[in-house]
Amino acid sequence: MRSFNRDSMDDFKGLRITQLDDDDDDETAVEPTNMDEFDDDDDEEDDEDYEPVMLGFVESPKFTWSNLRQLFPNLAGGVPAWLDPVNLPSGKSILCDLCEEPMQFVLQLYAPLTDKESAFHRTLFLFMCPSMSCLLRDQHEQWKRAPEKAMRSTKVFRCQLPRVNPFYSSEAPKHDGTDKPVGDGAPLCTWCGTWKGDKLCSGCKGARYCSQKHQALHWRLGHKTECQQLRTVIETSESGRVNNGVALTQKQKVASKSLWKEFVMINEDESEYDTEMSGDDEIAKPLVSKREVDDQMKSLMNDFEGDADKKTWVNFQQRVAKAPEQVLRYSRSSGAKPLWPIASGRVSKSELPNCKSCGGPRCFEFQVMPQLLFFFGGKNDRESLDWATIVVYTCENSCDSSLSYKEEFVWVQLYSQTT
Ligand SMILES: [Zn+2]
Ligand SMILES: [Zn+2]
Ligand SMILES: [Zn+2]
Ligand SMILES: [Zn+2]
């Protein structure tokens, strides 16, 4: 079994996607020309031309250190392992624009680019508001022509670093529990453990928050008593010296109980599943039986009315059936397209907004499958979160800018487009 970060003593092995373009190896320059060819050609008919795809699967973390940022992990649920641990996203960018609650961490993908020194390390972070009513409103917002005006409940950030950087050794991690980062990261929110905790509790001067919302939540759900106790400890401390800003490190336990269950993600080439299933069902260590996933998928079939949707759904299902536990499909090769579950509510290449940083075009990079919700333990009621697929498009150039976390474009397809 391979992981996105294949264990290796001598090199960083992430998801080196340029290797997928075997045909291009002998060319001197791989220019992303003729992009027009890919415009508006996303009819369901051409879903047949298979581009190499990496599939992502979740499994429980094997070690306590599996999720540490110095290992450049692929994670789903829990809290992110920020690549640049200091210059985190801040301000409005961390909020669901619709309800203004801080968003929740969905997953992160370590996807470095071999041919770009400034993207020697490169991680994509996906967040969303867990409210289904926000996601339904998000559906209307994502069509807006001027994306800076769109109010989104789902956001993705791209962060990249050169091999020599202030936060990590330039040597590959050993993956034996001894790897250490260089220096500390910014203190995080005591409640969500996700975003920068730049607001200090005035009572204990220990708890930190990303937002007033999380401070209020924590206060109500336990910090009220805890804060009093902490204050007493500080006041009676012998030296009388108040340890101001008992900075909560990035390893501190998170107070919130509502984060999604934490997993690490591993990957497999989809082609590994091309052969008929032998008796070896253990390839991806399924956490749920295939039958459970299949039943969930089939029951959705009844929801579709249009024939185009049904046809697309059958195609989707057949492709996914090769490895039903896949939670992610990744392909940055130039012809790669998402595998759409339904025909309606897709975005075409010409509708994608250009990169906010460099103005260049964006390309498909990965999509998140609805199965992830299954592993997150989603409930099956009307109010609970549900999606058909979440598609992430990133700057084709993976451009650099002074901003450490650059927002890329997310497209969410729901089973029902109605609010
Ligand atoms: Zn929201
Ligand atoms: Zn928070
Ligand atoms: Zn406090
Ligand atoms: Zn760009």
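The values are calculated or read from the model by the stated rules, or taken from the named source; none is laboratory data. Here the structure is a predicted model, which is why all the values come from computation and not from measurement. Cβ sites come from the backbone with ideal geometry, for glycine too, and all protein chains shown count toward neighbours.
Summary of values
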read-out	value
Which listed residue, of Arg145, Arg137, is surrounded by fewer than 23 Cβ atoms within 10 Å (Cβ to Cβ) and more than 16 Å from ligand 1 (Cβ to nearest atom)	Arg145
Enumeration of residues in the range 338-360 that are farther than 28 Å from Lys310 by Cα and under 21 Å from the mean Cα position of the chain (by Cα)	Pro353, Asn354, Cys355, Lys356, Ser357
His175 within 15 Å of ligand 1 (Cβ to nearest atom), over 20 Å from the mean Cα position of the chain (by Cα) and modelled with pLDDT under 95	no
Looking only at the range 249-283, and only at residues there that are modelled with pLDDT under 50 and within 21 Å of Leu71 (Cα to Cα), the one that is surrounded by the most Cβ atoms within 10 Å (Cβ to Cβ)	Gln250
Residue identified as within 16 Å of ligand 4 (Cβ to nearest atom) and touching a strand residue (DSSP E or B) at 6+ places or on another chain (Cβ under 8 Å) among Val391, Val410, Val368, Val347	Val410
Residue match in the range 152-162 (condition: in contact (Cβ under 8 Å) with a residue 24 or more places away in the chain, within 24 Å of the chain's Cα centre (by Cα) and over 27 Å from Leu68 (Cα atoms))	yes
Candidate set: the range 180-197, residues that are among the β-branched types (Val, Ile, Thr) and more than 22 Å from Thr232 (Cβ to Cβ); chosen: the one nearest to ligand 1 (Cβ to nearest atom)	Thr194
Within the range 112-132, tally of residues that are hydrophobic (A, V, I, L, M, F, W, C) and closer than 16 Å to Asp400 by Cβ	4
Conditions (1) away from ligand 1 (no atom under 16 Å from the Cβ); (2) closer than 29 Å to Asp307 by Cβ; (3) surrounded by 22 or more Cβ atoms within 10 Å (Cβ to Cβ): number failed by Gly335	(3)
Condition met for Ser169 (outside any loop (DSSP other than H, G, I, E, B) and either touching a Pro at 6+ places or on another chain (Cβ under 7 Å) or assigned by TED's automatic domain parsing to the domain that holds Leu385 (or both))	no
Ala81 vs. criteria at pLDDT 95 or above and closer than 30 Å to Ser344 by Cβ	no
Test result for Ser66, among the hydroxyl-bearing types (Ser, Thr, Tyr), under 27 Å from Val164 (Cα atoms), modelled with pLDDT of 95 or more and not in a strand (DSSP E or B)	no
Residue tally, condition at pLDDT 95 or above and assigned to a loop (DSSP other than H, G, I, E, B), over the range 365-387	1
Within the range 198-232, tally of residues that are more than 16 Å from ligand 1 (Cβ to nearest atom), within 27 Å of Val86 (Cβ to Cβ) and hydroxyl-bearing (Ser, Thr, Tyr)	2
Glu141 being among the acidic types (Asp, Glu) and within 16 Å of ligand 2 (Cβ to nearest atom)	no
Near pairs, Cβ below 6 angstrom, 6+ apart or cross-chain, from the range 186-206 (within 17 Å of Ser404 (Cβ to Cβ)) to any residue that is of a type in the set (A, V, I, L, M) and surrounded by fewer than 18 Cβ atoms within 10 Å (Cβ to Cβ)	Ala186/Val86; Pro187/Ala247
Test: residue in the range 356-363 that is out of contact with any strand residue (DSSP E or B) (no Cβ under 9 Å at 6 or more places or on another chain) and either crowded, with 23+ Cβ neighbours inside 10 Å or free of Cβ contacts under 8 Å to residues at least 24 places away in the same chain (or both)	yes
Condition check for Thr190: in the same structural domain as Phe409 (by TED's automatic domain parsing) and surrounded by 21 or more Cβ atoms within 10 Å (Cβ to Cβ)	yes
Candidate set: the range 121-152, residues that are in a loop (DSSP other than H, G, I, E, B) and under 23 Å from Val79 (Cα atoms); chosen: the one nearest to ligand 4 (Cβ to nearest atom)	Arg152
Conditions (1) surrounded by 13 or more Cβ atoms within 10 Å (Cβ to Cβ); (2) at pLDDT 90 or above; number of the one not met by Met297	(2)
Filter result for Thr190 (part of a loop (DSSP other than H, G, I, E, B) and within 16 Å of ligand 3 (Cβ to nearest atom))	yes
